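Participant: Take a look at this one; I'll ask things after.
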Amino acid sequence: MGLFHPRKESMISEGRKRVVIENVRPEVDGGKFPIKRVEGEKVAVEADIFSDGHDLVRAVILYRGDGVKKWREAPLRHVANDRWEGWFRVGEPGYYRYTIQGWVDHPGTWLADFEKKYRAGQDVAVDLLVGADFLDEISERASGKDANKLREIARTMREEKDAKSASSLVLGDEVREMSLKYPDRKFATTYEKELPVVVDRRKALVSAWYEMFPRSCDSAGHGTFANCEKMLPYVSRMGFDVLYLPPIHPIGRTKRKGKNNLPAAQTGDPGSPWAIGAEEGGHKAVNPDLGTLEDFERFVGKAREHGVEVALDLAFQCSPDHPYVREHPEWFRWRPDGSVAFAENPPKKYEDIIPLNFETEAWKELWEELRSVILFWMERGVRIFRVDNPHTKSFLFWEWLIDDVKRRYPDAIFLSEAFTRPKVMYRLARLGFTQSYTYFTWRNTKWEIMEYVNELTRTEVREFFRPNFWTNTPDILPEHLQYGGRPAFVMRLILAATLCSNYGIYGPAYELCVSDAMEGKEEYLASEKYEVKRWDLDRAESLRDLIGKINRIRSENPALQSTWNVNFHESENEKLLLYTKTTEDLENILLIVVNLDPYNKQSGRIRVPLEELDMAPTRPYLVLDLISEDKYVWFGEWNHVELDPHVMPAHIFRVHRRMSREQDFDYFM
């Protein structure tokens, strides 16, 4: 029988590698998919790292951008029970890779053992000679002054007759520091995987979205891009930095839907923008009722001047009138009677929409054409896409498409609109979508909200799923907004904007608190999806000023510019949701209390986590309500709050930790 197992022999290129590296985190699906970060963000890495025997182990993180040959290094430190931790910071948008390398530290082991022997009063004469040999080896890896210094210390260790004097030299900082600086890695173990990271621009992590139908921007007739330009100051003043437009393409006429989703349109009904394509063109054309392609490009530029980016809807589907149906019938499914198959979700029929067939034999040509649609709009200044129903298209297609586009345009952002099964939503996020719609819309009780947010922020999900909390959409008018009145709209706005660093509203329906629904459904009555609306933006009950204040609070408080720092805390009243958001250095601490009951005043004691916030339990502290601008002096952990939803259903407290100096009080004056 041979020395090596026959199936293992080819795997062993160096039998003197002794370090084991396993249980590396983060690692999504064994490294198949990248983790997500934004430029300048940390990647915290941990792993089990150990060796046989009692020798000391050293380890580092190796990381580099794709296309960069040289690895950069970040230290790992031993925490406990062979678990190691460290971090590195990513740079500009693009793709990165990281791995771990560990090795046995023979000089470090000798140094640690030498110190123990010396402190115990043992004879260390031979140990000094062993150490001198180590320093000679290290000097071969060192250069210049360091090499000379190491050789000088080694010579002294051999020649010095006074063991105490030689030992004091060994135990100084120089030997320890240079042994760490010039390690011997010839038998180092490198983790077998290079783990991917996709780095996005900062807006992928922090954004406020406003959805608006451009055809409803005019007070008299069908809106145009020129009319939409007049809406830009309104959107900007509310503090939104992404303006999302539903499809802007020509709308089909065959089987066009009427008002309230009626199967037959009346004269003048504009149809659903998601029924894309007519004789005027398809996905690379604009609806002539909105203007020209040049008008759209001008609108994108004007939006940028207001600090707003335009996001387009990416709906890969067609009306029966789309040029693709005539020019590429192989991209669709055809029924035995010769008709093209329309979209169905029995018993619902969507006869104005035809899905693409991703199992067509011409799938490569289909993929390339759909990619060209995205590149067409990117060449016209668009970098953000909200993708309609991505879960009804091929997963492999999205993985290929997003990777290809992001390698060309690293600043591209794709928002997945997939209200579907959790595993499907997570798969879409794994394979490349930058942000994702969530179930926030249907999480209403204290327990539901806490459980769901913890799932998104406290599990592996946070590494690949970047949530975007939407309060409503043109498709969804949740029950709590139908019956909760203005307080429900305010409460859900504050929850979305403070729990998640990405959030969105569909307006002007939201700020005007529109709650008229189709009977028994979570759908808008007289939905804007099927008709042009006339919005009175100056209505007294509009939430536009409050929305503007909430978005200013978000922009002025770094703690609200991350989703991952949510921590829930105790409150005596189950209707009061309490959570903190803080910066890593605790320089910005926000304590948020929300009354989840839109009908009744709720009160009770809440527990401020003083120890977690590095605050003395015996000292008073100041809290400023950033909404009302009221100021309070609190003592201890437990404090009383009362929230009337008809006045304001939430506090956003900024906590000032110290009151020892007069200027601390001035901060609140």
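The values are calculated or read from the model by the stated rules, or taken from the named source; none is laboratory data. All values derive from a computational prediction rather than experimental measurement. When we count neighbours, we look across all protein chains shown, and the Cβ atoms used for this are built from the backbone with ideal geometry, even at glycine. Just so you know, the surface numbers come from the protein's heavy atoms only, side chains and all, with ligands and any DNA or RNA stripped out. Shrake-Rupley method; radii C 1.70, N 1.55, O 1.52, S 1.80 Å.
Participant: Scan the range 206-225 for residues that are in a loop (DSSP other than H, G, I, E, B), open to solvent by less than 10 Å² (accessible area, probe 1.4 Å) and either out of contact with any Cys (no Cβ under 7 Å at 6 or more places or on another chain) or charged (D, E, K, R) (or both) and jot them down.
Facilitator: Within the range 206-225, MET212, PHE213 meet the criteria.
Participant: Name, by its number, the condition in (1) touching a Gly at 6+ places or on another chain (Cβ under 9 Å); (2) surrounded by fewer than 20 Cβ atoms within 10 Å (Cβ to Cβ); (3) over 24 Å from GLY172 (Cα atoms) that does not hold for VAL90.
Facilitator: Failed condition: (2).
Participant: Here are PRO645, PRO598: which of them is in contact with a helix residue (DSSP H, G or I) (Cβ under 9 Å, 6 or more places away or on another chain), assigned to a loop (DSSP other than H, G, I, E, B) and open to solvent by less than 10 Å² (accessible area, probe 1.4 Å)?
Facilitator: PRO645
For (1) free of Cβ contacts under 8 Å to residues at least 24 places away in the same chain; (2) open to solvent by 10 Å² or more (accessible area, probe 1.4 Å); (3) assigned to a strand (DSSP E or B), each residue gets a yes or a no:
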residue: TYR426; (1), (2), (3): no, yes, no
residue: ALA429; (1), (2), (3): no, no, no
residue: PHE433; (1), (2), (3): no, no, no
residue: TRP447; (1), (2), (3): yes, yes, no
residue: PHE465; (1), (2), (3): no, no, no
residue: LEU495; (1), (2), (3): no, no, no
residue: TYR510; (1), (2), (3): no, no, no
residue: CYS513; (1), (2), (3): no, yes, no
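Participant: Would you point out which residue out of ASP313, ASP352 is open to solvent by less than 40 Å² (accessible area, probe 1.4 Å) and assigned to a strand (DSSP E or B)?
Facilitator: Checking each option against the conditions leaves just ASP313.
Participant: For the condition touching a Ser or Thr at 6+ places or on another chain (Cβ under 6 Å) and open to solvent by 80 Å² or more (accessible area, probe 1.4 Å), what is the one hit in ARG158, ARG151?
Facilitator: ARG151
Participant: Being at positive phi, exposed (fewer than 15 other Cβ atoms within 10 Å of the Cβ) and touching a residue at least 12 places away in the same chain (Cβ under 8 Å) is true for just one of ASP52, ASP66, ASP48, ASP29. Which residue is that?
Facilitator: ASP29
Participant: Within the range 558-573, restricting attention to residues that are closer than 11 Å to ILE592 by Cβ and more than 15 Å from the chain's Cα centre (by Cα), which residue is most open to solvent (accessible area, probe 1.4 Å)?
Facilitator: Result: ASN567.
Participant: Identify all residues within the range 379-404 that are assigned to a helix (DSSP H, G or I) and open to solvent by less than 20 Å² (accessible area, probe 1.4 Å); write none if there are none.
Facilitator: Correct list: PRO390, PHE397, TRP398, LEU401, ILE402.
Participant: For the range 287-297, what are the residues that are open to solvent by 20 Å² or more (accessible area, probe 1.4 Å) and within 30 Å of the chain's Cα centre (by Cα)?
Facilitator: GLU297
Participant: Spot the failing condition for THR563; the list is (1) closer than 17 Å to ALA488 by Cβ; (2) touching a strand residue (DSSP E or B) at 6+ places or on another chain (Cβ under 7 Å), and only one is missed.
Facilitator: Of the numbered conditions (1) closer than 17 Å to ALA488 by Cβ; (2) touching a strand residue (DSSP E or B) at 6+ places or on another chain (Cβ under 7 Å), the odd one out for THR563 is (1).
Participant: Right, next: Here are the criteria: (1) touching a helix residue (DSSP H, G or I) at 6+ places or on another chain (Cβ under 9 Å); (2) open to solvent by 10 Å² or more (accessible area, probe 1.4 Å). Tell me which single one LEU135 does not satisfy.
Facilitator: (2)
Participant: Tell me the residue from GLU379, GLU365, GLU369, GLU359 that is under 24 Å from SER272 (Cα atoms) and either without any contact (Cβ under 8 Å) to a residue 60 or more places away in the chain or among the aliphatic types (A, V, I, L, M) (or both), please.
Facilitator: Answer to the check: GLU369.
Participant: Filter the range 333-349 down to residues that are open to solvent by 30 Å² or more (accessible area, probe 1.4 Å), assigned to a loop (DSSP other than H, G, I, E, B) and over 22 Å from THR420 (Cα atoms), then give me how many there are.
Facilitator: Here the count works out to 6.
Participant: Shifting gears a bit: Do we have ILE61 as free of Cβ contacts under 8 Å to residues at least 60 places away in the same chain, farther than 28 Å from GLY432 by Cα and touching an Asp or Glu at 6+ places or on another chain (Cβ under 9 Å) here?
Facilitator: No, not satisfied.
Participant: Follow-up. Take residues that are more than 23 Å from ILE21 (Cα to Cα) and tell me which of the strands (runs of 3 or more DSSP E) falling wholly in the range 35-154 contain 2 or more.
Facilitator: The qualifying strands (runs of 3 or more DSSP E) are 35-38, 94-104.
Participant: For ARG407, are the conditions met, namely being in contact (Cβ under 8 Å) with a residue 24 or more places away in the chain, surrounded by fewer than 16 Cβ atoms within 10 Å (Cβ to Cβ) and part of a helix (DSSP H, G or I)?
Facilitator: So ARG407 fits the description; yes.
Participant: Hey, does the range 362-372 have a residue that's buried (at least 19 other Cβ atoms within 10 Å of the Cβ) and aromatic (Phe, Trp, Tyr)?
Facilitator: no
Participant: GLU39 - would you say it is open to solvent by 70 Å² or more (accessible area, probe 1.4 Å), modelled with pLDDT of 95 or more and closer than 30 Å to ALA429 by Cβ?
Facilitator: Yes, satisfied.
Participant: From (1) touching a residue at least 24 places away in the same chain (Cβ under 8 Å); (2) in a loop (DSSP other than H, G, I, E, B); (3) at positive phi, pick out the condition that doesn't hold for LEU290.
Facilitator: The number of the failed condition is (3).
Participant: Need pairs with beta-carbon distance below 8 Å; first residue in a loop (DSSP other than H, G, I, E, B) and within the range 613-639, second of a type in the set (Phe, Trp, Tyr) and surrounded by fewer than 16 Cβ atoms within 10 Å (Cβ to Cβ); sequence gap 6+ or separate chains.
Facilitator: PRO620/PHE635
Participant: Just name the residue that is farthest from TYR506 (Cα to Cα) out of those in the range 233-269 that are open to solvent by less than 40 Å² (accessible area, probe 1.4 Å) and β-branched (Val, Ile, Thr).
Facilitator: ILE251
Participant: Search the range 221-243 for residues that are at positive phi and touching a residue at least 12 places away in the same chain (Cβ under 8 Å) and pair each with any residue that is assigned to a helix (DSSP H, G or I) and open to solvent by less than 20 Å² (accessible area, probe 1.4 Å) when their beta-carbon atoms are under 8 Å apart and the residues are at least 6 apart or on different chains.
Facilitator: As it stands, the answer is GLY239/ILE547; GLY239/GLY548; GLY239/ILE550; GLY239/ASN551; GLY239/ARG554, since those pairs meet every condition given.
Participant: Additional query: Any residue in the range 173-188 that is within 14 Å of GLY131 (Cα to Cα) sitting within a Cβ distance under 8 Å of a residue that is part of a loop (DSSP other than H, G, I, E, B)? List the pairs, counting only those 6 or more apart or interchain.
Facilitator: Close Cβ pairs satisfying both conditions: MET178/ALA142; SER179/ASP105.
Participant: Okay, moving on. Is it the case that GLU330 is touching a residue at least 12 places away in the same chain (Cβ under 8 Å) and exposed (fewer than 15 other Cβ atoms within 10 Å of the Cβ)?
Facilitator: In short, yes.
Participant: Scan the range 166-197 for residues that are aliphatic (A, V, I, L, M) and either in contact with a strand residue (DSSP E or B) (Cβ under 6 Å, 6 or more places away or on another chain) or open to solvent by 10 Å² or more (accessible area, probe 1.4 Å) (or both) and jot them down.
Facilitator: Listed by number, the residues that qualify are LEU169, LEU171, MET178, LEU180, ALA188, LEU195, VAL197.
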